[in-house]
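Enquirer: One structure follows; several queries about it will come next.
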Amino acid sequence: MSSASSHPAAGPDRRTVVAAVGAAGLAAALTACGAGDDASDTEAATTGAAPDGGGTALARTADIPEGGGRIFKDQGVVVTQPMAGTYKAFSAECPHQGCAVGSVARGLIVCPCHGSEFSVADGSVKKGPATKGLAPARITVSGDGIRLA
Ligand code: FES
């Protein structure tokens with residue numbers, strides 16, 4: 001009798017950028033590879049824009065270089081801007097052996113462990129030994145704010 005299926009409704013005017021199934025998998029990956037408990041207090045002084053929905057504030061669009069990206073270690077995601085105004089997000093966990101990817105350069109996300117490289121555009125493998133691309137992650141872009149969905 002108490003089957004309250006309260007599913008958080010997605011705001012109608014939020015733009016979901018990377019439609020993907022990755023949220024649950026990403027959470028699992030974060031748990032699996034968690035590096036201890038860090039009480040991350042998320043009170044970054046942002047521009048004062050009120051949050052318009054769920055999700056964790058991650059960055060501002062200006063933080064993500066065009067043609068490149070930025071790695072958010074605590075959240076375990078990489079956010080990229082393959083072309084102006086287009087934002088993508090991927091799990092920062094390398095599908096080869098699970099290292100965290102370490103840098104973004106020349107349009108590639110690079111894993112420091114064995115040198116695998118992934119495209120900033122779609123996370124696909126550009127250089128092995130990884131054989132699978134980075135898992136997609138979900139973000140929403142609202143105004144100049146980027147949130148983890
Ligand atoms: Fe990333 Fe091996 S774990 S290349």
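Enquirer: Which residues' amide hydrogens lie under 5 Å from the amide hydrogen of S116, considering only partners 5 or more residues apart or on another chain, with H built in the peptide plane?
Expert: Correct list: C111, A130.
Enquirer: Loop only by DSSP, 11 or fewer other Cβ within 10 Å of the Cβ. Give me the trypsin sites (Lys or Arg not before Pro) in segment 57-149 that pass, ordered by residue number.
Expert: Answer in residue order: R106.
Enquirer: Now a separate question. What is the extension gain from A62 to M83, computed as 0.36 nm multiplied by their sequence separation minus the C-alpha to C-alpha distance, in nm to one decimal?
Expert: Here the answer is 6.3 nm.
The numbers here are math on the coordinates, done by the rules we state, and not lab data. As the structure is a prediction and not an experimental result, all values here were calculated from the model. As a convention, Cβ positions derive from the backbone with ideal geometry for all residues, glycine included, and neighbour counts pool all protein chains shown.
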